Amino acid sequence: MVDIDNTLADYTHALRYWLRGTHVYGPLNEYAMAEPCEYGLWRDPSWPFSSYEEYADAHHAAVLDGLYAAEHPYPHAMRALWQLVEDGHDLVVATSRVDDEHFQQTFAWFTRHWHDPAHGPVEYGVGFHFGDKTLLDVDAAFEDDPAVIDELAAKGVTVIHPDHPYCRDGGGITMSDWRQAPGIIRQLQEDKESTR
């Protein structure tokens, strides 16, 4: 299972870019909008949100303006996914983007980046799950939300998470570069087979 926002693609950068471009909060020169140290941008004083509600309003406006379609995949992320599929693993992209109407931005984004002509076509299907990720029956998950990491780990799922300040000390395996993903999964598979 692979989460999208701030795991597969850079949500934080896309929202920062949208905020600076729209001037919803007026001039934002006094806000660094740094990489967050806590999950939840409204908790970070370097962002222009004084409450969750203020963040949620900005997020909603950004989504309506194409935020999800504007996110960039992290370096090497899509190639790593292709490698996982080529290695024979089933892939489910799981996201809680229930605010993406008919999931149009999500599907368009994935199609654009999955079939990147710079890397050639990939002939494999990918499953999608929208909603509660803990309902999935998976062996491993790529996820950045600390609460979801804990819930998945409690179910016995091995969680691989990015090296973001807000999740790097959580349970599971920390990954600093998507190029590590296929090797991590291969090692987990070898470990599982050696304990049989």
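The values are calculated or read from the model by the stated rules, or taken from the named source; none is laboratory data. Since the model is a prediction, treat every value here as computed from it, not as a measurement. Neighbour counts run over all protein chains shown; Cβ positions are idealised from the backbone, glycine included. Please note that ligands, DNA and RNA were not included when accessible areas were found on the heavy atoms of the full protein model with its side chains. Shrake-Rupley method; radii C 1.70, N 1.55, O 1.52, S 1.80 Å.
Residue 55 meets the stated requirement of being in a helix (DSSP H, G or I), closer than 22 Å to residue 103 by Cα and without any contact (Cβ under 8 Å) to a residue 40 or more places away in the chain. If I filter region 89-127 down to residues being at positive phi and exposed (fewer than 14 other Cβ atoms within 10 Å of the Cβ), which single residue comes out as modelled with the highest pLDDT? Ranking the qualifying residues of region 89-127, first place goes to 102. Evaluation of residue 64 against the conditions (1) open to solvent by less than 30 Å² (accessible area, probe 1.4 Å); (2) more than 25 Å from residue 176 (Cβ to Cβ); (3) hydrophobic (A, V, I, L, M, F, W, C) shows that the sole unmet condition is (1). If I filter region 136-146 for residues that are out of contact with any helix residue (DSSP H, G or I) (no Cβ under 9 Å at 6 or more places or on another chain), modelled with pLDDT of 90 or more and farther than 14 Å from residue 3 by Cβ, do I get at least one hit? Yes, region 136-146 contains at least one residue that is out of contact with any helix residue (DSSP H, G or I) (no Cβ under 9 Å at 6 or more places or on another chain), modelled with pLDDT of 90 or more and farther than 14 Å from residue 3 by Cβ.
When residue 12 is tested against (1) open to solvent by 20 Å² or more (accessible area, probe 1.4 Å); (2) polar (S, T, N, Q); (3) more than 18 Å from residue 184 (Cβ to Cβ), only condition (1) is not met. Candidates are the residues of region 158-171 that are in contact (Cβ under 8 Å) with a residue 24 or more places away in the chain and not in a strand (DSSP E or B); the one that is surrounded by the fewest Cβ atoms within 10 Å (Cβ to Cβ) is 165.
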